Amino acid sequence: MQEIIRKKLLHLEETSEKYWNIPRDSGNHLNLIIKAANYKNILEIGTSNGYSTIWFAEAVRNNSGHVISIEYYQERIDIAKRNFEECGLSDFITVKQGKALDIIENIEGIFDLVFIDANKAEYIRYYEIMNPKIRSGGMLVADNVTSHKSEMEDFLDTISHNDNYQISYLPFGGGLLIAFKK
């Protein structure tokens, strides 16, 4: 990892509570998965200040990959774009502004990894819409599955009963669900 990216990530970790960033362990773990699996097409639902997006873009930049990230708040998009520019990763990231459900219903393409860290009550809808758009051998990753379990019971119950996924829970931060699509 380039020094400029490493320093930016460390700086953003100082604001993690304000912007609800994933923990460093989650970012590092997902970065390694993306590199090891040679994933190229990443969709992130919930950009915030771009902390997790930087982890994803750093992983795909050497394999002609790309990250599409969705954020509702323009102020956060502006902050994230500055962070991407400072890291030299802007060419690997497209940010879409708006309500995630509206955007993903119309998004085209098949994704290697879909990362969800947005409105917890809508996780079930994100899953229902994105499930057919995740390739076999790809992953759906959801943050805060332990800390916000009561808000996403429908999602957790549905995905845990889908035989097309192998699921693992990691104890990082508020809990990370990693679902591998068979």
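The values are calculated or read from the model by the stated rules, or taken from the named source; none is laboratory data. Just so we're clear, the structure is a prediction, and the values are computed from it rather than from any experiment. Ideal geometry is used to build each Cβ from the backbone, glycine not excepted, and the neighbour counts take in all protein chains shown.
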- What is the number of the single condition among (1) over 25 Å from Asn106 (Cα atoms); (2) part of a loop (DSSP other than H, G, I, E, B) that Tyr169 does not meet? (2)
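Evaluate the following for Tyr73: is it surrounded by 17 or more Cβ atoms within 10 Å (Cβ to Cβ), modelled with pLDDT of 95 or more and either out of contact with any Ser or Thr (no Cβ under 7 Å at 6 or more places or on another chain) or among the charged types (D, E, K, R) (or both)?
Against the criterion (surrounded by 17 or more Cβ atoms within 10 Å (Cβ to Cβ), modelled with pLDDT of 95 or more and either out of contact with any Ser or Thr (no Cβ under 7 Å at 6 or more places or on another chain) or among the charged types (D, E, K, R) (or both)), Tyr73 does not qualify.
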- Message: Under 9 Å between Cβ atoms, which residue pairs at least 6 apart in sequence (or on different chains) link something in region 100-115 that is farther than 20 Å from Tyr73 by Cβ with a partner that is among the hydroxyl-bearing types (Ser, Thr, Tyr) and surrounded by 20 or more Cβ atoms within 10 Å (Cβ to Cβ)?
- Response: Phe111/Tyr39; Asp112/Tyr39; Leu113/Tyr39; Val114/Tyr126; Val114/Tyr127
- Query: Of these, Ser26, Ser69, which one is under 13 Å from the mean Cα position of the chain (by Cα) and not in a helix (DSSP H, G or I)?
  - Reply: Ser69
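So which of Arg125, Arg135 is charged (D, E, K, R) and closer than 25 Å to Ala36 by Cβ? Give the steps one after another, and end with the answer.
Working: Arg125 fails: closer than 25 Å to Ala36 by Cβ.
Result of the check over Arg125, Arg135: Arg135.
Do we have Gln97 as out of contact with any Lys or Arg (no Cβ under 8 Å at 6 or more places or on another chain) and surrounded by fewer than 21 Cβ atoms within 10 Å (Cβ to Cβ) here?
yes
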- Message: Here's a check for you: in region 110-145, which residue that is over 12 Å from the mean Cα position of the chain (by Cα) and in a strand (DSSP E or B) is surrounded by the most Cβ atoms within 10 Å (Cβ to Cβ)?
- Response: Ile134
- Note on the structure: Selection from region 21-47 of residues farther than 15 Å from Leu170 by Cα and in contact with a Ser or Thr (Cβ under 9 Å, 6 or more places away or on another chain) yields Asn21, Lys40, Ile42, Leu43, Glu44, Ile45, Gly46, Thr47
